[in-house]
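Scroll down for the structure; my scribbles are underneath it.
Read-outs: derived from the displayed coordinates by stated rules, not from any lab. Values in this document were obtained by computation on a predicted structure and should not be read as measured data. Using ideal geometry, Cβ is built from the backbone for each residue, glycine included, and neighbour counts are taken over all protein chains shown.
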Amino acid sequence: MDGNTVENVNLFMNFGFPLLLLLLAYFIGSMIERKHFRNIRRREDDNVGFPVVSFDTMPDDWNVSGSTMVSGSIVVSLDYFKRVIAGLRSLVGGRVKTYEPLLDRARREALLRMTESAREQGYDAIFNVRLETSRLANSRGDGKGIAGVEMLAFGTAVKFASRFARAA
């Protein structure tokens, strides 16, 4: 190989290849995110009409025969490309838009898992729903940054005394 070819290969390996990997990560991450959002929308449609409310006390007109605590949780991570973009945004401050879809997906998925758990156990509604978020892992060794979040949804699932029964 001549000197120019070796120089071009070195240039590609030093700059082009890492850029190619970042773009590949971006496209794969975006594809996975879109697929997950489609799955969430389909499952939300399946659960339309199942009461999930944040009231801290049960509505007076609910005639209940049993209850239990239900929960759903998920851990979601940002892809590397979005993490880099968020890191750049942190230099100047302001809204970090790359984290918003992450939190939206996590919140909706945790609520769905909680709802699906209640339905599988034969419960008819959930009240006193709460959400908790925690940083699960650091992306850097210094304790700053974020690699993923855990979202936990929990509430009190209730069975109505008779199907669709609410006190008159």
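Before moving on, here are some points about what is shown:
- The residues 117, 65, when put in order of fewest to most other Cβ atoms within 10 Å, stand as 65, 117.
- Annotation: the residues 102, 21, sorted from fewest to most other C-beta atoms within 10 Å of their own C-beta, follow the order 21, 102.
- Each of 31, 71, 17 was scored by the projection of its Cα onto the charge dipole of segment 3-160, and the greatest displacement toward the positive side belongs to 17; charges sit on the C-beta of Lys, Arg, Asp and Glu.
- Among 67, 134, sorting on how many other beta-carbon atoms sit within 10 Å of each Cβ, with the fewest leading, yields 134, 67.
- For segment 80-116, trypsin sites (Lys or Arg not before Pro) are listed when DSSP marks them as loop and at most 10 other Cβ atoms sit within 10 Å of their Cβ; the list is 95.
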